[in-house]
Amino acid sequence: MKINGIDIKKYDAKQLTADVQPPSFSNSYEWLTSAALPTEFETEVQMGHLKLSIYFKGKDRNNIIRAASEFMSNFTKACKMELDGYKGTYIGFITTNDYEKKNVKQRYIVNLEFDGFFVDDDLSITFDGKTSASFYKVGTRDAPCVVEVYAKSALTNYTITGLGEDDIIIESLAAGKTVVIDAKTGLVTIDGANAFDKVNMWTFPVLKTGETALTFSNTKARVTIRYTPMWI
């Protein structure tokens, strides 16, 4: 098991158990009097839950307490966990923890619980000089994405439709330049500098689950979309 890229063997620890539980949610709907069918509303999917037990051993309890303390310092903010026996990375937000003493002084168990979800390695797809395209988004959660638009020749009011309810319009972009629209950081940049004034959009792009159909206003750009597959 690894936490934030660190093998927990560093703390003389190992994963005992990991119980991954999916989120609990219910459909939101309203059935009006005399209506033939109910009206459905968008269902909000919360985070799942993880119960984790970690086994520590050391020279004595003082040694273990210090190792466990260093281990726990990884959880002061959201962490990335690679769990033994599971594919992908679990993004976890700790909710509770407790220490369990064993009869042997050189043994300890730490029980932790997290809210969170699994992610896979980033994926990207490129559309070069296309006016329409479609692709299937991997994962079961909506995912914020990064859109990179490279101008093969100067662009004016270059429009992308399909990455949300509203169009993304690149109002102007010089030939050979790339504008980066990053929904993860909330930034729009060209060569690292702020470029919000070059783009007209109401919201940052988020990929919905399933098939995404795109249209591009002309063939003068190469568009790359990057995202992290996220799972319920």
ask   = Once the other residues with Cβ under 13 Å from the Cβ of PHE127 are scored (Lys, Arg +1; Asp, Glu -1), what is the net sum?
value = +3
request  = Measure nothing but the geometry: give the 0 to 90° angle between the long axis through the Cα atoms of 61-72 and the longest principal axis through the Cα atoms of the chain, rounded to 10°.
outcome  = 10 degrees
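Taking K and R as +1 and D and E as -1, what net charge do the other residues with C-beta under 13 Å from the C-beta of TYR136 add up to?
Numbers: positive: LYS137, LYS208; negative: GLU211.
With Lys, Arg at +1 and Asp, Glu at -1, the net is +1.
Direction-averaged shadow area of the convex hull around the Cα atoms of the stretch 2-119, nm²? Please list the in-between numbers first.
Working: hull surface 38.8 nm².
Average projection, Cα convex hull of the stretch 2-119: 9.7 nm².
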request  = Pop a pseudo-label 7 angstrom from the Cα along the beta-carbon direction at both THR43 and LYS80 and give the gap in nm to one decimal.
outcome  = 3.0 nm
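Could you work out the mean projected area of the convex hull around the alpha carbons of the stretch 123-167, in square nanometres to one decimal?
On the way: hull surface 15.9 nm².
Dividing the Cα hull surface by four gives the mean projection, 4.0 nm².
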request  = Treating the Cα atoms of the chain as identical point scatterers in vacuum, please give the log10 of the normalised Debye intensity I(q)/I(0) at q = 0.08, 0.18 Å⁻¹, two decimals.
outcome  = -0.46, -1.19
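For the chain, what is the relative contact order in percent, using Cα pairs closer than 8 Å and at least 6 residues apart in sequence? Could you put the intermediate results ahead of the total?
On the way: 543 pairs, mean separation 48.0, N = 232.
Reported as a whole number, the value is 21 percent.
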query = How large is the dipole of the stretch 2-119 about the Cα centre if only Lys and Arg carry +1 and Asp and Glu carry -1, each at its Cβ, rounded to the nearest 20 debye?
reply = 1160 debye
ask   = Once the principal axes of the Cα atoms of the stretch 123-231 are found, what is the range along each, listed largest first in whole angstroms?
value = 38, 27, 22
remark   = Expected unfolding gain across ILE65-ARG226 under the 0.36 nm per residue rule, minus the alpha-carbon gap, is 53.8 nm
message = Roughly how far apart, in whole Å, are the Cα centres of the stretch 92-132 and the stretch 133-157?
response = 27 Å
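The numbers here are math on the coordinates, done by the rules we state, and not lab data. This structure is a prediction, so every number in the text was calculated from the model and none was measured. Reconstructed Cβ throughout: ideal geometry from the backbone, glycine too, with neighbour counts over all protein chains shown.
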